[in-house]
1. If neighbour count is taken as other Cβ atoms inside 10 Å, put Y136, Y175, Y66 in order from fewest to most.
2. Rounded to the nearest 500 deg cm²/dmol, what is the calculated helix-only ellipticity per residue at 222 nm for the chain, with -39500 (n - 2.57) per DSSP H run of length n ≥ 4?
3. Relative contact order for segment 2-490: what percent, with Cα pairs under 8 Å and sequence separation of 6 or more?
4. For segment 2-490, with only Lys/Arg (+1) and Asp/Glu (-1) charged at the beta-carbon, what is the dipole magnitude about the Cα centre, in debye rounded to 20?
5. Order of V409, V323 from fewest to most other C-beta atoms within 10 Å?
6. In whole percent, what relative contact order does segment 264-395 give with Cα contacts below 8 Å and a gap of six or more residues?
7. Along each of its three principal axes, how wide is the spread of alpha-carbon positions in segment 75-195, in whole angstrom units, largest first?
8. Can you give the Kirkwood hydrodynamic radius of the chain from its Cα pairs, in Å with one decimal?
Amino acid sequence: MGIVIRQSIKSTVWAYLGVFLGAVTTLWLYPHYLTTAQIGLTTGVLLSLASILSQLALLGTTNSVYFFSSAVNTHEKYRSSFLGFMIQLAFAGFVGVAIIYFLMQTVFVRWYADRSALFLDYFWYVIPFTFFVVGYNLIEAYTRSQKDIVFTNFTREVLLRILTIGALFLFALGYISFTVFVIIFVSSYGLILAALLWYNRTKIYAKVRFNASFTAVAPKADVLRYGFYNVLAGGAWTIANSIDSLMLAGQSVHGLNDAGIYRIAYFICSVVQMPQRTITQILLPLLAEHWRDNDMDKIEALYQKSSLQLLIASGFLVMLLVVNLDAFLMQLPPEYQAAKWVVILLCLSKMIDMATSINGEIIQTSRYYRFNLYLILSLLVLTIACNYYFIPKYGILGAAIATTIANVVFNVVKYGYVYFRFNIQPFTTATFKALALTLISGAAVYFIHFPLHWFIESIVKTGLASALFLLSLYFLNISPEINQLLITARKKIIP
């Protein structure tokens, strides 16, 4: 876990700088300079559709890059040939989904015409948006398969948000129209793709050969078979995680307006999952190597240590969010007050997902990866059914309820399968200590109120909650790895 912690710290610096920039964008610029319908259009419908279509277009190539990395990275000619084949597959997939999207135009018109007609004015923007996302996701996965994740985090978390902030300022100052803002919003993904391609060239990762050299270590039939299962699994997973915004825009009484409020709430919760994304990016190639060596002890060690660290990180972040949530929402326009319980439910959902750790990744990189497909397809069906039932009744809260129910069921089933199939599980006595610490620290500070300006009070409550949590974590020695990081940080501050 040493390499995991070191790389995760470096990339987390960019990730949390991105969170700061995202907070400026989402919690201030978006609500004050865009209408809820405009937010719902850009970050809700357009981004969700591009995410879904790109996952289908990728034809499982991103997962294939991770799964076959230990084989093709043994020689440069295999690596460059494999990348060429992945690019060919992804381009063919993009052409296919673009045709399907064109043929489904009348379906979208019927679904969104009444409550979200604004989307129809930007219907065709989804095509270039999807192309940029396909290219970026493939090159990002390829770069990470080289165990190089820091620059990818910079492009996704920082550069992308800087471009968006620049466009928002231009729009707010009246220099560009909303249509031009949407064009820049979409094109930003093309710019970060260009930046990542440039970076790969400097590292000589992205040398491309369009030949079949890689088949000497990764037979094409195996690659296609693995990709086939994962295009369905990846597509279903993305749909399950994006369908709430799309269904809100089409089903909720307020259409794009509710989708916009929901996306703000979703962003607030996204900070909780930052550590998971960082650690998972590093663990995927490590898991592939351990499976190749059939080393279950190392897999179980990764499983348990990552679970504990992710639970501690998510618990800490959820605690701080809940303690300061009322103050956050007070600074937004009145319509955003409805997001409070949406945020709480989504945060709990993400915390459960992080506590169960890399169970999905263990299945995905094992020889039982096909089960992931059936599981994710079941998640998709459950998510759609829950959203279809709860959104008309409760609006944005219904979408949060649906997401939480589906996520809990999904993770319980994954946990059970990994335990049944491999006889490993992520929880130890330290897990319950960490959970208790989170609940006690949060409750001790949540009900304290100071007669101060909201911003000063938030700083004070954040400091109190953090000190209580971190000191207790240290003296209880719940995680030796985190304790070592705290000791190192203290020595840098107080030599």
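Values in this text are rule-based calculations from the coordinates and carry no lab data. A quick note: this is a predicted structure, and the numbers were derived from the prediction, not measured. Here the Cβ positions follow ideal geometry from the backbone for every residue, glycine too, while neighbour counts run over all protein chains shown.
1. Y175, Y66, Y136
2. Numbers: 23 runs with 382 residues, N = 495.
Mean residue ellipticity, 222 nm, calculated: -26000 deg cm²/dmol.
3. Once divided by the residue count of segment 2-490, the mean separation gives 21 percent.
4. My answer is approximately 860 debye.
5. Going from sparsest to densest Cβ surroundings: V409, V323.
6. 36
7. 55, 38, 18
8. On the way: mean 1/r = 0.0425 Å⁻¹.
Over the chain, the inverse of the mean reciprocal pair distance is 23.5 Å.
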